[in-house]
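We did not get these values from a lab; they are worked out from the coordinates using the rules stated. Model, not experiment: these values are computed from the prediction. Cβ atoms come from the backbone with ideal geometry, glycine included; neighbour counts cover every protein chain shown.
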Amino acid sequence: MASVRLTTIRVEKPWGRHRLWPGFADPAPDAQPVGEIWFEAPDARDPELLVKYLFTSERLSIQVHPNDAQARARGFARGKDEAWVILDAQPDSTIALGTVRPLSQEELRRAALDGSIEILMDWKPVAAGDVIYSPANTVHAIGAGITLIEVQQNVDLTYRLYDYGRPRELHLEDGIAVSDPVPFVIPKLPGASPAGRQTLAHTDKFTLERWSWSGSRTLTLKGAGWLVPIRGAGQTNGLSFHQGECWAIDGGARLSIEPGSDLLFASPQPFELD
């Protein structure tokens, strides 16, 4: 029944920002912008999931991730499905998901090389509160002006197809081989959830829920996972948690949640609350 606060890692990115999310210190005006915050276990474990915050001021590269079978064929433990929970977005913010029409591999290659892939991507508007589940093989790009939490299968395996002329390596052969360049169909969210408990994703890769009860709440967790306090605070097995943190929690943990808190919980397996 252990509860462990994960180590916070700030990642500087040219497309990052100087204004982050409550719970995180903003970088100094003359410092490099922060684009990502990762949470890692303080030991050498290889967990199935990884949690990140992203802060964007520019479009991220157009990219794709392999599925489990494709990744394992290259010697990796798993592929990469991911889910994005939008915390904040500018009025014109977008995320590219899939292409506006089906493309052949050769069409995708030509578009990546000549830059027309930008207009062939389906740029969908996003707003605070949106949730997007992006399976492996989906060609995608996160746009500018967005703050989000990303929950993903834990693998550092990204194939960049196009990067707007930035001087970074592309991975055209590998990326095109695993791409499914077709219009993206937004997966249907699960059915009704209990009051204060919203199921955001429930797949064979992970389950993601959002908890936002108006009053205080005490419960027992049946199943291990990652607790992300977006706002508010509480305790897990007597240890205090706060926004800007991420905790790895074993099954059987006792949670005490303060009124008005807004929490995410992710698990590789389905779980229950008492």
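The table for this structure:
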quantity	calculated
Relative contact order %, the chain, counting alpha carbon pairs below 8 Å whose residues are six or more apart	21
Estimated 222 nm signal from helices in the chain, with DSSP H stretches of n ≥ 4 weighted -39500 (n - 2.57), rounded to 500	-2500 deg cm²/dmol
Asp43, Asp250 arranged by Cβ crowding within 10 Å, fewest neighbours leading	Asp43, Asp250
Ascending count of other beta-carbon atoms within 10 Å, so fewest first, for Arg254, Arg17	Arg254, Arg17
Among 114-123, 219-228, the order from most to least packed when residues are scored by Cβ within 10 Å on average	219-228, 114-123
Protection proxy ranking, peptides 230-240, 259-269, average beta carbon neighbours within 10 Å, highest first	259-269, 230-240
P(r) histogram, all alpha-carbon pairs of segment 197-273 included - 5 Å bins from 0, percent	4, 17, 30, 29, 16, 4, 1
Exposure proxy ranking, count of Cβ atoms within 10 Å, fewest first, for His140, His242	His242, His140
Peptide ranges 34-41, 8-15 listed from the most packed, as the mean C-beta count within 10 angstrom indicates	34-41, 8-15
Cα-based shape type of segment 3-178, given that a ≥ b ≥ c are square roots of the gyration tensor eigenvalues and the cut on a/c is 1.5	oblate
